[in-house]
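See below for the structure under consideration.
The values are calculated or read from the model by the stated rules, or taken from the named source; none is laboratory data. It should be emphasised that the depicted structure is a prediction, and the values quoted were computed from it without experimental measurement. Please note: Cβ atoms are built from the backbone with ideal geometry, for glycine as well, and neighbour counts cover all protein chains shown. Calculation scope for accessible area: heavy atoms of the full protein, side chains included, ligands and nucleic acids excluded. Shrake-Rupley method; radii C 1.70, N 1.55, O 1.52, S 1.80 Å.
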Amino acid sequence: MAELLRGKEVAASIKDTMRRDIEALKEEGKIPTLGIVRLGDNPGDISYERSIIKNCDNIGIQSKVFERDLNIKTEELIELIEELNEDQEISGILVFRPLPDHIDDDAVREAISPAKDVDCMHPLNLEKIFEGNLDGFAPCTPKAAMETLKFYDIPLEGKNVVVINRSMVVGKPLAMMLLNENATVTICHSRTQKLDEITRNADVVVVALGSAKFFDEKYFTDRSIVIDVGVSLDEDGKLSGDADLDKVEPLVDKITPVPGGVGAVTTSILLSQVVLACKNM
Ligand code: NAP
């Protein structure tokens, strides 16, 4: 049976460090504060927002929600972001995405001050990741995957790591972070051929397709370490990862469960970046 790499423990360790940092900031009279920009009232956004606010409250980070109409113009949204950039009480800005189609996504990403860009949307912050500079903000999901690997002491140097995803939110930045740890990285996508041969030869496989239970035992060996970033609903409407846990868990060496794996670390990464932004103010 595989060792389950649970996110709860990773998140707890990140929160311990964060608590000490928040105390030190409070002694200097600084309170880390997250500004959340939400357009409309999509239930998914509302539920994510509630969970962020609860996590902020629990650890001593303030949060302020700026809700705007779904029909807001790009210029009006940029005006709001510029106000938050100037606001000395706001340490970090999170804009919920995807934005409606009529909004110029690039213009919004570029409007956020790189110093308050806790979700790593600004091209300058992403560029740093691609240059191998990991001191600043990072996209939260890839960073959560990296922190999980680090927490469980999974060696990466010289190892074959396969990432199945080439999006800018997950696969590409994650590949750069893994390269930075001297892993040999292969990026796969929907046109990749013989995917099962590639994954069976890997030491670590990161799956992030967004297709419930796609990966069964044919993709892995008893040496495989599987990091499952995918989150979707299976045919019974239950939250599931990309790996079919029932089939894969008895075979592989280690695996992150869904729910309770990488997703449980992501919010802690976001909050730790709010603390970092506050420290740098
Ligand atoms: P995305 O933009 O749709 O990317 C999916 C990737 O999977 C693409 O690169 C796609 O290839 C590839 N792919 C699709 N079908 C494939 C196949 N049959 N074989 C090989 N590759 C295939 O999605 P995303 O935004 O990156 O998110 C991916 C997953 O991660 C989703 O389940 C999402 O819910 C989850 N996610 C989780 C968290 C978290 O905190 N845990 C955060 C963000 C996202 P092409 O490029 O060729 O289309």
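Please verify whether VAL265 is part of a helix (DSSP H, G or I), modelled with pLDDT of 95 or more and β-branched (Val, Ile, Thr), treating the condition exactly as stated.
On the way: part of a helix (DSSP H, G or I): yes; modelled with pLDDT of 95 or more: yes; β-branched (Val, Ile, Thr): yes.
Answer is yes for this residue.
Could you tell me which numbered condition PRO250 fails, if it satisfies all but one of (1) under 28 Å from ILE53 (Cα atoms); (2) part of a loop (DSSP other than H, G, I, E, B)?
(1)
Quick one: in the range 231-246, which of the residues that are in contact with a helix residue (DSSP H, G or I) (Cβ under 9 Å, 6 or more places away or on another chain) and closer than 14 Å to TYR219 by Cα is surrounded by the most Cβ atoms within 10 Å (Cβ to Cβ)?
Ranking the candidates gives ALA243 first.
Can you pull out the residues in the range 39-66 that are open to solvent by less than 30 Å² (accessible area, probe 1.4 Å), farther than 20 Å from ASP101 by Cα and not in a helix (DSSP H, G or I)?
Scanning the range 39-66 gives GLY60, ILE61.
Filter the range 7-38 down to the residues that are under 30 Å from THR221 (Cα atoms) and buried (at least 18 other Cβ atoms within 10 Å of the Cβ) and list them by number.
Of everything in the range 7-38, those that are under 30 Å from THR221 (Cα atoms) and buried (at least 18 other Cβ atoms within 10 Å of the Cβ) turn out to be GLY7, VAL10, ALA11.
Looking only at the range 196-219, count how many residues are in contact with a strand residue (DSSP E or B) (Cβ under 8 Å, 6 or more places away or on another chain) and more than 15 Å from the ligand (Cβ to nearest atom).
Result for the range 196-219: 3.
Which residue out of VAL252, VAL258 is assigned by TED's automatic domain parsing to the domain that holds VAL162 and away from the ligand (no atom under 16 Å from the Cβ)? Quick ask: steps written out before the conclusion?
On the way: VAL258 fails: away from the ligand (no atom under 16 Å from the Cβ).
Of VAL252, VAL258, the one residue that is assigned by TED's automatic domain parsing to the domain that holds VAL162 and away from the ligand (no atom under 16 Å from the Cβ) is VAL252.
Which ones in the range 247-263 are more than 22 Å from the chain's Cα centre (by Cα), among the aliphatic types (A, V, I, L, M) and open to solvent by less than 50 Å² (accessible area, probe 1.4 Å)? Give the steps one after another, and end with the answer.
Going residue by residue through the range 247-263, those that are more than 22 Å from the chain's Cα centre (by Cα) are 247-253.
Subset that is among the aliphatic types (A, V, I, L, M): 248, 251-252.
Across the range 247-263, the qualifying residues are VAL248, VAL252.
Which of (1) within 11 Å of the ligand (Cβ to nearest atom); (2) modelled with pLDDT of 95 or more is the odd one out, the single condition SER224 does not satisfy?
(1)
Here is a check on your reading of the model: is THR184 over 19 Å from the mean Cα position of the chain (by Cα) and hydroxyl-bearing (Ser, Thr, Tyr)?
Working: over 19 Å from the mean Cα position of the chain (by Cα): yes; hydroxyl-bearing (Ser, Thr, Tyr): yes.
Spelling it out, THR184 is indeed over 19 Å from the mean Cα position of the chain (by Cα) and hydroxyl-bearing (Ser, Thr, Tyr).
Could you please let me know if MET176 is more than 18 Å from ILE78 (Cβ to Cβ), open to solvent by 10 Å² or more (accessible area, probe 1.4 Å) and in contact with a Gly (Cβ under 9 Å, 6 or more places away or on another chain)?
Taking the combined requirement at face value, the residue satisfies it.
Could you check the range 118-166 and list, in sequence order, the residues that are among the polar types (S, T, N, Q), in contact (Cβ under 8 Å) with a residue 40 or more places away in the chain and either buried (at least 21 other Cβ atoms within 10 Å of the Cβ) or within 14 Å of the ligand (Cβ to nearest atom) (or both)? Explain how you work it out, then say what you get.
From the range 118-166, those among the polar types (S, T, N, Q) are 125, 133, 141, 148, 160, 165; that's our starting set.
When the remaining residues are screened for being in contact (Cβ under 8 Å) with a residue 40 or more places away in the chain, the result is 141, 148, 160, 165.
Hits for the range 118-166 are THR141, THR148, ASN165.
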